[in-house]
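This report refers to the structure that appears directly beneath it.
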Amino acid sequence: QRASGRYYGSGLVPLLEHGGDLVIESDVVAKYVSQNIQGVNGKGDDLYPEKKEDEELIELFMEKWQRVTDTYYDVLRATSEKDVERHRHSFMQSLEAINNLLQQRSDGDYLLGSNFSYAECISAPWIQRFYVTLPYFRGIDFQEE
């Protein structure tokens, strides 16, 4: 909750101080760490690639992933069954777009083939959240669809 003698919000948002930089928000902190802190292989690109084409693929994934999280929250905030169904459909379409992107890669289990990346680092916790919250709060089992 306190960094460098300053207070930042409620203390619920991840923040990182590193080399004089202050980085706030989960996705931004994860990207910063993956680009600026040496990884297990002794280089900084363990989660975020140096190859331009892989970097562009991660950025495309993250654009599409934003739609997934936006539509997820729309489903949870819906106030009528009609709205739930409309937002559920949008949510499923956004997951399908992610799946289509992943299926373009045939050389491994991850977006970048055999390398776990920033994309999986950000999306994996959300998948767990979907499995728990959607069936409980909305009766939606997105695995069956």
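The values are calculated or read from the model by the stated rules, or taken from the named source; none is laboratory data. Remember, predicted model here, so these are calculated numbers, not experimental data. Virtual Cβ from ideal backbone geometry, glycine too; neighbours counted across all protein chains shown. Keep in mind that these areas ignore ligands, DNA and RNA; they rest on the heavy atoms of the full protein, side chains included. Shrake-Rupley method; radii C 1.70, N 1.55, O 1.52, S 1.80 Å.
One table, with the values for the structure above:
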read-out	value
For segment 70-80, 3J(HN,Hα) per residue [Karplus equation, 6.51 cos²θ - 1.76 cosθ + 1.60, θ = phi - 60°, Hz, x = Gly/Pro]	4, 6, 4, 5, 4, 4, 5, 8, 4, 10, 9
Accessible solvent surface per residue of segment 82-131, calculated while the other protein chains remain in place, 1.4 angstrom probe, Å²	58 Å²
Within-12-Å neighbourhood charge of E81 [Cβ basis; K, R +1; D, E -1]	+2
Rounded to whole Hz, the Karplus (6.51, -1.76, 1.60) HN-Hα couplings of segment 47-64, x for glycine and proline	9, 10, x, 8, 5, 4, 5, 6, 4, 5, 5, 5, 4, 5, 4, 5, 4, 5
Vicinal HN-Hα couplings computed from phi for segment 24-35 (Karplus, 6.51 cos²θ - 1.76 cosθ + 1.60; Hz; Gly/Pro x)	10, 4, 3, 5, 5, 4, 4, 5, 4, 4, 5, 9
